[in-house]
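K.L.:
Below: one structure in structure tokens.
The values are calculated or read from the model by the stated rules, or taken from the named source; none is laboratory data. Just so you know, these numbers come straight off a predicted model, no measurement behind them. In this analysis, Cβ positions are derived from the backbone assuming ideal geometry, glycine residues included, and neighbour counts consider all displayed protein chains.
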Number of protein chains: 2
Amino acid sequence: MAAAVNGTSSPSITFYTNRGCPWAQRAQITLKELKLPYEEVTIDLNTPREDWYLKINPRGLVPSINFTGGGVHDEILTESAVVSQFLADVNPSHLTQPDHIKGAQAALFRARVAFFVDSFFSKVNTGFYPLLKAESQEEKDKLVHDTVEAIKKEIEPLLKDANPFFGGSSKLTMAEVLTAPFVQRYLSFSQAGLLPESLKQGLESLPNFSKWANEVVKQDSVQFGFDEQKIIEGMRNRIAKLKAQAK
Amino acid sequence: MAAAVNGTSSPSITFYTNRGCPWAQRAQITLKELKLPYEEVTIDLNTPREDWYLKINPRGLVPSINFTGGGVHDEILTESAVVSQFLADVNPSHLTQPDHIKGAQAALFRARVAFFVDSFFSKVNTGFYPLLKAESQEEKDKLVHDTVEAIKKEIEPLLKDANPFFGGSSKLTMAEVLTAPFVQRYLSFSQAGLLPESLKQGLESLPNFSKWANEVVKQDSVQFGFDEQKIIEGMRNRIAKLKAQAK
């Protein structure tokens, strides 16, 4: 039984994804937080995209959704932030309006979330793939240092009132939805040795971030479909391939 | 007399900006489209930022706003997209809801705008500063070709129903607000010889884009404070400085 969208109709969602992709996982978390029904279609990212999928998303990336509901018919949306925000916007919830805030307060919350997410991706996460690919100890040390310093300077202060989530929210917000897949990988990969152990120690030295991150990764919506061993194995293979190509 | 925000109070806005900065101009256009009153404070970008401004925006960039209104008191917001979207969100208007659309349709419009703006900045505008700094004819030719091809592939199809603005809107939308300062500079600078003349010809060969761009740059809110000769001169000096530093 489909849930109501704005009380006017029932949404029908086809979700094109791959459970190993952190970007697609943003939309996955959104769907789970909103408890929306959907049909999941897995796109194999290890082979060239098939024509039928390129018709849905010419860029060939995941996620994409096909959405019908609330007066919107058979619309295709792509790009993880766009898809996630759209789903959150058509279903007002704790993700966009913690404590049911409205008006200017809701706009301010949205702006604070946008600043947080932009800071995370423009100041911190630029080091994610370089860290995974780094070969020498010197390179790894420098990148770990830069990542921890960037989180300390740009993210730590923005989490001072997290309780346990962004802006004092008791439930996940879009700030978590859009960053969680990477936060999860920083924690998981540094535990598994895919990222340096020193990263784990560096993150643990940041009280706001580490407390927040540990709460984020515990959530059912973030855990859903995160087959840790398979994802670590997949990333190991991908990194090996990238390194081989670079030589 | 200040306009009402959500009918609950009158906004008081201090706008820290520099009229030569295209990013700050995004917020300027938003303020003008929404007909909001504000106090403008010019930040000199040619000298180190003073301490009082670094307390407002530790990154030292423009724009920043200090906003009071609608139950929000003395809040500082930074980063041009965040500031512009916040102002548009607290004042529902043609920018976010053309034809007064609501619910899922409004969310869909917002998603389409987000996809458009992301495509413009991730696929097209990455060539803006490289083009300004390019020295050899070969380099310029390549960058002009790449820029025109990117607009043709990524932007032209998204403007097929522009009438004259994004999504068939008769007034500016956030799609224009967030891209207009750069569209304006592509047109103006290629006319003035600061960008290659061939760029102008390339853009004119794209019917949707050129029709749309010509309408965008005509708008009062986009023209406001755009002292063309001064901006061209300022950019010439800045490019000369960047080229000298690179040597």
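K.L.:
Could you run through the stretch B:72-100 and say how many residues are surrounded by fewer than 17 Cβ atoms within 10 Å (Cβ to Cβ) and within 9 Å of chain A (Cβ to nearest Cβ)?
P.N.:
1
K.L.:
Can you confirm whether A:Asn91 is in contact (Cβ under 8 Å) with a residue 12 or more places away in the chain, farther than 24 Å from B:Ala81 by Cβ and polar (S, T, N, Q)?
P.N.:
Spelling it out, it is not the case that A:Asn91 is in contact (Cβ under 8 Å) with a residue 12 or more places away in the chain, farther than 24 Å from B:Ala81 by Cβ and polar (S, T, N, Q).
K.L.:
Just give me the residues in the stretch A:212-222 being surrounded by 14 or more Cβ atoms within 10 Å (Cβ to Cβ) and out of contact with any helix residue (DSSP H, G or I) (no Cβ under 7 Å at 6 or more places or on another chain), in sequence order.
P.N.:
A:Asn214, A:Glu215, A:Gln219
K.L.:
Looking at the stretch B:170-199, which of the residues that are farther than 16 Å from B:His94 by Cα and of a type in the set (Ser, Thr, Tyr) is surrounded by the fewest Cβ atoms within 10 Å (Cβ to Cβ)?
P.N.:
By that ranking, first place goes to B:Ser198.
K.L.:
Next question, about the same structure. Any residue in the stretch A:36-53 that is farther than 19 Å from A:Lys241 by Cα sitting within a Cβ distance under 6 Å of a residue that is in a strand (DSSP E or B)? List the pairs, counting only those 6 or more apart or interchain.
P.N.:
Once the first residue is farther than 19 Å from A:Lys241 by Cα and sits in the stretch A:36-53, its partners that are in a strand (DSSP E or B) give A:Tyr38/A:Ile13; A:Tyr38/A:Phe15; A:Glu39/A:Thr14; A:Glu40/A:Phe15; A:Val41/A:Tyr16; A:Ile43/A:Tyr16.
K.L.:
Give the residues of the stretch A:223-235 that are surrounded by fewer than 15 Cβ atoms within 10 Å (Cβ to Cβ), touching a residue at least 40 places away in the same chain (Cβ under 8 Å) and in a helix (DSSP H, G or I), sorted by residue number.
P.N.:
A:Glu228, A:Lys230, listed by residue number.
K.L.:
Would you confirm whether any residue within the stretch B:145-168 is away from every other protein chain (no Cβ under 12 Å), surrounded by fewer than 18 Cβ atoms within 10 Å (Cβ to Cβ) and closer than 29 Å to B:Ser10 by Cα?
P.N.:
The answer is no, given that none of the residues of the stretch B:145-168 is away from every other protein chain (no Cβ under 12 Å), surrounded by fewer than 18 Cβ atoms within 10 Å (Cβ to Cβ) and closer than 29 Å to B:Ser10 by Cα.
K.L.:
Among the residues of the stretch A:107-118, what is the count of those that are crowded, with 18+ Cβ neighbours inside 10 Å and facing another protein chain (nearest Cβ under 8 Å)?
P.N.:
6
K.L.:
Out of B:Phe121, B:Phe67, I need the residue that is within 23 Å of A:Ala88 (Cβ to Cβ) and either without any contact (Cβ under 8 Å) to a residue 60 or more places away in the chain or crowded, with 17+ Cβ neighbours inside 10 Å (or both). Which one?
P.N.:
On inspection, the qualifying residue turns out to be B:Phe121.
K.L.:
Let me ask something additional. Given the condition within 14 Å of chain B (Cβ to nearest Cβ) and at pLDDT 95 or above, answer yes or no: does some residue in the stretch A:177-195 qualify?
P.N.:
Looking for residues that are within 14 Å of chain B (Cβ to nearest Cβ) and at pLDDT 95 or above, one finds at least one in the stretch A:177-195, hence yes.
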